[in-house]
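Throughout, read-outs are computed from the coordinates displayed, never taken from laboratory work. Everything numeric here is computed off the predicted structure, so don't read it as measured data. FYI the Cβ positions are ideal-geometry reconstructions off the backbone, even for glycines, and counts take in every protein chain you see.
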Amino acid sequence: MIKRIGPCPTLRGEIISPGDKSISHRAAILNGIACGKATISNFSSGADCLSTVSCLKALGVELKRISSLPVAFEVQGVGGQGLHEAEDVLQAGNSATTMRLLAGLLATQSFLSIISGDSSLRSRPMGRLIHPLRLMGASVWGRGGDYLAPLVIRGGELHGITYSLPVPSAQLKSALMIAALFASGKTEIIEAAPSRDHTERLLQTMGARIEKSDRSITIIPQDIPLRSTDVCIPGDISSAAYWLVAGAIHPDARIKVRDVGINPTRTGIIDVLLQMGARLKVENQHWEGNEPVADLVIESSELVSICLSGELVPRLIDEIPLIALAACRASGTTLIQDATELRVKEVDRISTTLKEFSKMGAKMEELPDGMLIHGGNQLHGSHCSSYRDHRLAMTLAVAGLVACGETIIHHAEAADVSYPNFWQDIDKLRQTA
């Protein structure tokens with residue numbers, strides 16, 4: 001699919017951000033292995049989360065869609081040992097979250113599982129997951145010397161370990177936490193830097209025994225089943241980020257994004273935009289379950305350059321291409337470092353972001369672990385490719401709103417992975433004007 005985006009005089013309106021992807025995955029998986037029935041409302045309708053639903057169904061979990069707009073599911077949990085062997089290969093699509101979290105669960109089951117995905121997912125690193133699961137006693141194999149998917153998992157009895165995460169990764173941390181629920185003995189996971197903590201929050205709500213300190217999490221195996229828990233999914237801040245940056249860099253904009261999750265492990269994009277001088281307000285703060293939620297209001301802003309590195313990076317790793325776009329419109333030179341993880345996402349998001357923005361006239365330099373962006377240059381429309389990466393497709397669309405001339409985005413359908421209504425919402429803001 002090809003999308004054509006041109007500049008518009010104003011951006012105005014309210015957006016309801018789609019349900020948070022990260023929480024949707026976890027709510028489905030954890031309720032699937034709990035005892036009882038639960039309703040998950042405002043579930044992400046993106047292809048990634050629907051891959052998790054499909055895999056869970058293949059493993060014997062009953063998930064019934066009870067609403068389409070917004071999406072809601074009723075989940076009948078089967079308990080920790082109530083899953084059954086799938087009849088075929090489990091397909092995770094483009095979703096690394098699906099593959100990694102389910103691998104942690106399948107390592108505890110007494111049957112054989114094979115889980116694969118599309119060509120992009122099959123190129124992403126899985127050795128960092130296979131190694132600690134093997135330390136716990138699991139039998140796990142992967143392609144490419146146990147580094148790549150498909151993964152073959154022969155579940156069995158696991159034992160607790162103490163493990164230091166090699167990278168700040170909520171997916172890896174969550175996979176090990178799920179495996180640890182059913183291991184013998186405690187498991188301690190040590191983080192070098194904080195990563196999103198949705199799994200810990202939801203598990204504690206469901207009755208899991210978790211002890212947290214500054215940089216470590218200890219999971220005590222379950223002696224009673226997890227409690228099924230109704231979950232209303234907050235809006236996805238990673239999806240809201242497109243509108244926050246669009247409003248900040250557009251010369252005449254005011255956008256409100258309603259009911260967005262503002263979990264402190266995810267609000268790096270808010271912190272960075274405020275550092276850059278964005279006119280951003282957090283309003284109507286409240287709670288949905290164990291997650292903080294608010295409305296975010298952004299207006300046209302005069303942005304300045306920043307240096308982005310260190311522990312802030314894991315809190316906004318998915319939003320860095322957007323921050324690079326904001327830096328293109330800011331005064332001064334912005335430095336982004338410590339973002340090597342971007343190179344092993346759906347695509348190498350450092351090189352692809354630089355390549356596509358350079359087509360639009362951006363002045364950027366590639367670094368091994370980030371990029372240098374020289375701000376203050378007017379972008380111009382160009383033929384661009386998303387490389388079938390959902391985040392790059394949407395970032396290029398936001399760039400097109402402030403570029404001179406028309407921006408033509410190839411493989412724009414990639415946005416469906418996380419935000420199926422993105423193109424309708426961008427039209428809504430333009431039409432409201």
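Loop-only GluC sites (Glu not before Pro) in the stretch 338-433, please: DSSP not H, G, I, E or B, and at most 13 other Cβ atoms within 10 Å.
Here no loop site has a sparse enough neighbourhood.
Averaging sequence separations of C-alpha pairs under 8 Å and six or more residues apart, then dividing by the length of the stretch 276-433, give the relative contact order as a whole percent.
16 percent
Points 7 angstrom from Cα along the Cβ direction at ASP146 and THR10: gap in nanometres?
A separation of 6.2 nm, rounded to one decimal place.
Is there a quick way to get the dipole size of the chain? I mean about its Cα centre, with the Cβ of Lys and Arg at +1 and of Asp and Glu at -1; what is the value in debye to the nearest 20?
Computed about the Cα centre, the dipole is about 260 debye.
With a/c under 1.5 counting as rounded, go ahead and sort the chain into rounded, prolate or oblate using the C-alpha gyration tensor (a ≥ b ≥ c being the square roots of the eigenvalues; past the cut-off, prolate if a/b is larger than b/c, else oblate).
prolate
Describe numerically, in nm with one decimal, the distance between label points set 7 Å from Cα along Cα→Cβ at SER67 and at SER139.
4.5 nm
Quote to one decimal, in nm, the extra length available between CYS404 and VAL282 on full extension: 0.36 nm per residue of separation minus the C-alpha distance between them.
Taking CYS404 through VAL282 to full extension adds about 40.8 nm, to one decimal.
Tabulate in residue order the Karplus-calculated ³J(HN,Hα) for the stretch 47-54, using 6.51 cos²θ - 1.76 cosθ + 1.60 with θ = phi - 60°, rounded to whole Hz; enter x for Gly and Pro.
Karplus values, whole Hz, x for Gly and Pro: 4, 4, 5, 5, 5, 4, 4, 4.
Can you give me the relative contact order of the chain as a percent, contacts being Cα pairs under 8 Å and 6 or more apart?
Value for the chain: 18 percent.
So, by mean Cβ neighbours within 10 angstrom, what's the order for 281-291, 84-94, 394-404 with the highest one leading?
Per-residue mean Cβ counts within 10 Å order the peptides as 394-404, 84-94, 281-291.
Please report the equivalent ellipsoid semi-axes of the stretch 1-69, computed as sqrt(5 x eigenvalue) of the Cα gyration tensor, largest first, in whole Å.
Semi-axis lengths for the stretch 1-69 are 33, 14, 10 Å.
Which ³J(HN,Hα) values in Hz, rounded to whole numbers, follow from the phi angles of the stretch 172-178 under the Karplus curve 6.51 cos²θ - 1.76 cosθ + 1.60, where θ = phi - 60° and Gly and Pro get x?
5, 4, 5, 4, 5, 5, 5
Students often forget the sequence filter, so: which lysines lie under 19 Å Cα-Cα from LYS256 once same-chain residues fewer than 8 apart are removed?
LYS281, LYS428
Which lysines does LYS359 reach when only Cα atoms under 26 Å apart count, and residues fewer than 8 places away in its own chain are ignored?
Of all the lysines, those that pass the test against LYS359 - Cα under 26 Å, at least 8 places apart if same chain - are LYS3, LYS345.
By how many nm would the segment from LYS57 to LEU112 lengthen if fully extended, with 0.36 nm per residue of separation less the alpha-carbon distance?
Taking 0.36 nm per residue and subtracting the Cα distance, the gain is 18.2 nm.
Which whole-Hz couplings ³J(HN,Hα) result when phi for each residue of the stretch 352-359 is put into the Karplus expression 6.51 cos²θ - 1.76 cosθ + 1.60, θ = phi - 60°, listed in order with x for Gly and Pro?
5, 4, 4, 4, 6, 5, 4, 4
Between GLN337 and GLU211, what is 0.36 nm times their sequence separation minus the Cα-Cα distance? Round to one decimal in nm.
Fully extending the segment from GLN337 to GLU211 adds 42.2 nm.
Work from the charge dipole of the stretch 112-264 (Cβ charges, +1 for Lys and Arg, -1 for Asp and Glu, about the Cα centre) and give the residue of MET177, HIS250, PRO194 farthest towards its positive end.
HIS250
Quick one: which residues, 5 or more positions from ILE262 or on another chain, have an amide H under 5 Å from its amide H? H modelled 1.01 Å from N in the peptide plane, none for Pro or chain starts.
Here VAL293, ALA294 satisfy the definition.
Say R0 is 30 Å: what FRET efficiency, to the nearest 0.05, do GLU299 and GLU366 get from their beta-carbon distance?
FRET efficiency, GLU299 to GLU366: 0.40.
Report Rg/Rh for the stretch 21-217, rounded to two decimals, where Rg is the Cα radius of gyration and Rh the Kirkwood radius.
Here the Rg-to-Rh quotient is 0.93.
Need the C-alpha centroid separation for the stretch 60-96 versus the stretch 345-389, integer Å.
Cα centroid of the stretch 60-96 versus Cα centroid of the stretch 345-389: 37 Å apart.
Near LEU148, within a Cβ-to-Cβ distance under 14 Å, what is the net charge of the other residues, with Lys and Arg +1 and Asp and Glu -1?
Summing Lys/Arg as +1 and Asp/Glu as -1 gives +3.
To test your reading of the geometry: what angle, between 0 and 90 degrees and rounded to tens, separates the Cα axis of helix 237-249 from the longest principal axis of the chain?
Value to nearest ten degrees: 10.
Relative contact order of the stretch 336-407, please, whole-number percent, based on alpha carbon pairs below 8 angstrom and at least 6 residues apart.
Across the stretch 336-407, relative contact order equals 29 percent.
What does the charge dipole of the stretch 21-217 about its Cα centre add up to, to the nearest 20 debye, if the Cβ of each Lys and Arg holds +1 and the Cβ of each Asp and Glu holds -1?
For the stretch 21-217, the charge dipole is close to 240 debye.
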